[in-house]
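Heads up: the structure comes next, in structure tokens.
The values are calculated or read from the model by the stated rules, or taken from the named source; none is laboratory data. On a predicted model such as this, the values are computed, not experimentally measured, just so you know. In this analysis, Cβ positions are derived from the backbone assuming ideal geometry, glycine residues included, and neighbour counts consider all displayed protein chains. Just so you know, the surface numbers come from the protein's heavy atoms only, side chains and all, with ligands and any DNA or RNA stripped out. Shrake-Rupley method; radii C 1.70, N 1.55, O 1.52, S 1.80 Å.
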Amino acid sequence: MSDSKNLTKPVFDYASFEERLVLEVCGIMKKYGDSQDVYAFSVEYYPDFMTCIFVRANTYSHVKEMMAKDISGLDLNYFKMNEEEWDIIENMEDLSKDLQEHYKAIENWASDDYELEDTARKEHEKKIIETCEKAMLGVKSSKEYSLFSKINLNVYLTTRITDEDRLAIYKKLNNDESVQEYKTFLFGEKL
């Protein structure tokens, strides 16, 4: 049995994290604002193992380059929508450090009660995902977002999340045309 009842459950400042995430993403967007080649930005969250968060972006030229390689069985949407194939990665070390410290605090708080730790981690993970969604909605209303004629936004999760949940997040952040492309990418056919 854990001594966690004697310790205070760790508290994470989700509002501050959201504000800082918006600023980080907007700063990265501003960095690439002169490039009309960039068409997408995504916050990528890894809660397991590495526990980090960063921004991925992709360019039309990178998609063309990958398509020119003629990799059997892979289509345009695969290279256009799959964040793991994207060209640009920008680390957000301070935000990642905050996540790592909080997970460590949860571990210390739960002591040897692995069920308690797992529950707290999952609770935190869910709140971070919601925070990332809110942050990207904030980015969508920023002046940096308007630097691009057409830009897709997303929150890419490496967690156990269904494709339906991925689509729900994507729908909140993008227009109908882009959502249809994403559906095709996720499900292999138009819905």
- Message: Please list, ordered by chain and number, the residues whose modelled amide H lies under 5 Å from the amide H of Ala40; skip anything fewer than 5 residues away on the same chain.
- Response: Asn58, Asn152
- With a 1.4 angstrom probe the carbon and sulfur portion of accessible area for the chain, in percent, totals 49 percent
- Message: At 15 angstrom or more along the helix axis (alpha-carbon based) and mean Kyte-Doolittle of -0.5 or higher, what helices does the chain contain? Whole DSSP H runs only.
- Response: 14-31
- Message: Taking every DSSP beta bridge with both residues inside the chain, roughly what % is antiparallel (nearest 5)?
- Response: 65 percent
- Query: What value, in deg cm²/dmol to 500, does the helix sum -39500 (n - 2.57) over DSSP H runs of n ≥ 4 give at 222 nm once divided by the residues of the chain?
  - Reply: -17000 deg cm²/dmol
- Scoring only Lys, Arg, Asp and Glu (+1, +1, -1, -1) among other residues with Cβ under 10 Å from the Cβ of Thr158 yields -3
- Do the alpha carbons of any pairs in Lys64/Lys183; Lys30/Lys97; Lys9/Lys172; Lys126/Lys171 sit beyond 26 Å of each other, and which pairs? Lys9/Lys172
- Under 16 Å Cα-Cα from Lys143, which aspartates and glutamates qualify once same-chain neighbours fewer than 8 residues away are excluded? Glu19, Glu24, Asp34
- Over segment 84-157: Kirkwood hydrodynamic radius from C-alpha pairwise inverse distances, Å: 14.8 Å
- Query: Where q = 0.14, 0.22, 0.23 Å⁻¹, what log10 of I(q)/I(0) comes from the Debye formula for segment 61-126, counting one point per Cα?
  - Reply: -0.64, -0.85, -0.90
- Message: With loop defined by DSSP as not H, G, I, E or B, and exposure as at most 12 other Cβ atoms within 10 Å, which is the longest segment of the chain clear of exposed trypsin sites (Lys or Arg not before Pro)?
- Response: 70-142
- Roughly how many Å² of Tyr170 are accessible to a 1.4 Å probe, to the nearest 10? 10 Å²
- Message: Give the average over all directions of the projected area of the C-alpha convex hull of segment 31-71, one decimal, in nm².
- Response: 4.1 nm²
- Taking the chain as a Gaussian network, where each spring joins two C-alpha atoms under 10 Å apart, which residue of Glu24, Glu177, Glu125 fluctuates the most? Glu177
